[in-house]
């Protein structure tokens, strides 16, 4: 989304990326972003909780006005629960089959590129040679 946000900004429209994956967002370097401590797939809030969602979006929009340095990520005071136990079983909210035995499945971005297939690695290396 960082690339898309930069392209939209270059066309003259301000953007704000809302993220639950801070390190990945930092690597994508959008013009401005707001981090929420939520499970993946629920970045905009809890299902069927419009009051929570409205508060989250109000905070995000207010933060957008305060960010003056490109690439800034602000931490919003928004979380899934006061009880941090939800992180013990956190997985993508999209139920894409990814499961982790324990712990928060939001993992930090790796510095080295990751490829699904060896042929992908070979293609990427050939493109940069």
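Assorted remarks:
- Any hit, region 27-36, residues being touching a helix residue (DSSP H, G or I) at 6+ places or on another chain (Cβ under 7 Å), in a helix (DSSP H, G or I) and over 17 Å from residue 82 (Cα atoms): yes
- Any hit, region 58-69, residues being in contact with a helix residue (DSSP H, G or I) (Cβ under 6 Å, 6 or more places away or on another chain), more than 26 Å from residue 113 (Cα to Cα) and either surrounded by 15 or more Cβ atoms within 10 Å (Cβ to Cβ) or at pLDDT 90 or above (or both): no
- Search result, residues across region 46-79 that are without any contact (Cβ under 8 Å) to a residue 12 or more places away in the chain and either at positive phi or within 16 Å of the chain's Cα centre (by Cα) (or both): 48
- Qualifying position, being farther than 18 Å from residue 1 by Cβ, out of contact with any helix residue (DSSP H, G or I) (no Cβ under 9 Å at 6 or more places or on another chain) and either at pLDDT below 85 or surrounded by 12 or more Cβ atoms within 10 Å (Cβ to Cβ) (or both), among 20, 89: 89
- Residue 39 being in a loop (DSSP other than H, G, I, E, B), touching a strand residue (DSSP E or B) at 6+ places or on another chain (Cβ under 6 Å) and crowded, with 16+ Cβ neighbours inside 10 Å: no
- Of everything in region 76-86 that is surrounded by fewer than 17 Cβ atoms within 10 Å (Cβ to Cβ) and within 16 Å of residue 57 (Cβ to Cβ), the residue that is modelled with the highest pLDDT is 77.
The values are calculated or read from the model by the stated rules, or taken from the named source; none is laboratory data. Computed from a predicted model, the values in this text were never measured in an experiment. A quick note on method: Cβ atoms are made from the backbone with ideal geometry, for glycine too, and the neighbour counts reach across all protein chains shown.
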